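Read the structure below first, then the notes.
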Amino acid sequence: MRRPIIAGNWKMFKTVPETRAFFDALIPEIQNVEHCDIAVAPPFTAIAAAVEEADGTRVAISAQDVHWKAEGAFTGEVSVKMLVDSGCEYTIIGHSERRQFFSETDETVDLKTRAAIAGGLNAIVCVGETLTERDAGQAAEVVRRQVTRGIGQLTSSDLSRIIVAYEPVWAIGTGRTATPEVAAEMHAEIRRILADIYGAATADGMRILYGGSVKPENISALMSKEDIDGALVGGASLDPASFASIIKYERGAGGPIGG
Ligand code: PEP
């Protein structure tokens, strides 16, 4: 049994007072939730406040990125040790916005993932094809390359700290969610890729999240699919009411997908 996880990615949103206000509103709404793990990824500047606010709750704090070196002359970067020291338990790695706008490659994803695991963080590693790649029939091939190069050189014990997030680039921040069927098909494909590299038993135990315009209206239908183990939520994680309602998705229900 894979434990579901709902993770919020705030991107470049929220100051420290806004972070505190978010947790003040979120925590009472989710205090009885036991069916899933919960993580929130604020910007670096709000991590300390988020860790303080989430202390004693079931919400874990994640970074949105990390550098692979332990320390050094890398202006603007943050190391695994710094994140652990700040109270982070997770980091996102290889988000498509990092790949598109900040020169992230499969090779840096590999370096960052191995550094995160070695330093004690859990890594949410993002993969996903662009619209051009999907339209060209290359979605599975692109994702196979990203998984193989990004997280293909780990040990089985490392893998217990890895969560894969399938985020089709055409669905991120666009309001255009992949249908549960399209998402489930690619999740099954990712599990096959992981099985090819690490064996079926290991692949079966790994959590694969869907990300791309997840909202309260479509989470239950997505979560009804066998290979979808949770969600990485961008825009809809910024509002505590909408994030709480995603966390409290209807279990065992397939409902129609929302727009
Ligand atoms: C994301 O940032 O990972 C994401 C999926 O964004 P959104 O939910 O806004 O599409």
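The values are calculated or read from the model by the stated rules, or taken from the named source; none is laboratory data. What you see is a predicted model; the values in this text were computed from it and never measured. Cβ placement follows ideal geometry from the backbone for every residue including glycine, while neighbour counts extend to all protein chains displayed. For accessibility, only protein heavy atoms count, side chains too; no ligands or nucleic acids. Shrake-Rupley method; radii C 1.70, N 1.55, O 1.52, S 1.80 Å.
Looking only at the stretch 105-129, residues that are over 20 Å from Ile208 (Cβ atoms) and within 16 Å of the ligand (Cβ to nearest atom) come to 0 in all. Within the stretch 159-172, the only residue that satisfies the criterion of being open to solvent by 20 Å² or more (accessible area, probe 1.4 Å) and modelled with pLDDT of 95 or more is Arg161. Here Glu104 passes the criteria (1) more than 25 Å from Asn218 (Cβ to Cβ); (2) modelled with pLDDT of 95 or more; (3) outside any loop (DSSP other than H, G, I, E, B) except the one numbered (3). Under the condition of being open to solvent by less than 10 Å² (accessible area, probe 1.4 Å), over 24 Å from Leu159 (Cβ atoms) and more than 15 Å from the ligand (Cβ to nearest atom), the residues counted in the stretch 205-247 number 2. The set of residues in the stretch 158-171 that are within 8 Å of the ligand (Cβ to nearest atom) and either among the basic types (Lys, Arg) or assigned to a loop (DSSP other than H, G, I, E, B) (or both) contains only Glu167.
Here Val33, Val51, Val16 are screened, and the one residue that is touching a strand residue (DSSP E or B) at 6+ places or on another chain (Cβ under 8 Å) and β-branched (Val, Ile, Thr) is Val51.
Flag: Met82 matches the condition of being of a type outside the set (S, T, N, Q), farther than 27 Å from Ser213 by Cβ and surrounded by fewer than 20 Cβ atoms within 10 Å (Cβ to Cβ).
Scanning the stretch 15-32 for residues that are more than 11 Å from Phe243 (Cα to Cα) and open to solvent by 50 Å² or more (accessible area, probe 1.4 Å) turns up Thr15, Val16, Pro17, Glu18, Arg20, Ala21, Asp24, Pro28, Gln31, Asn32.
Residues in the stretch 85-104 that are buried (at least 16 other Cβ atoms within 10 Å of the Cβ) and more than 16 Å from the ligand (Cβ to nearest atom): Cys88, Glu89. The listed residues are Thr174, Thr132, Thr155, and the only one of them that is hydroxyl-bearing (Ser, Thr, Tyr) and within 15 Å of the ligand (Cβ to nearest atom) turns out to be Thr174. Remark: Arg145 matches the filter, which requires a residue to be more than 20 Å from Lys225 (Cα to Cα), out of contact with any strand residue (DSSP E or B) (no Cβ under 8 Å at 6 or more places or on another chain), away from the ligand (no atom under 16 Å from the Cβ) and modelled with pLDDT of 95 or more. One residue alone among Gly175, Gly150 is touching a residue at least 12 places away in the same chain (Cβ under 8 Å) and either among the hydroxyl-bearing types (Ser, Thr, Tyr) or surrounded by fewer than 19 Cβ atoms within 10 Å (Cβ to Cβ) (or both), and that residue is Gly175.
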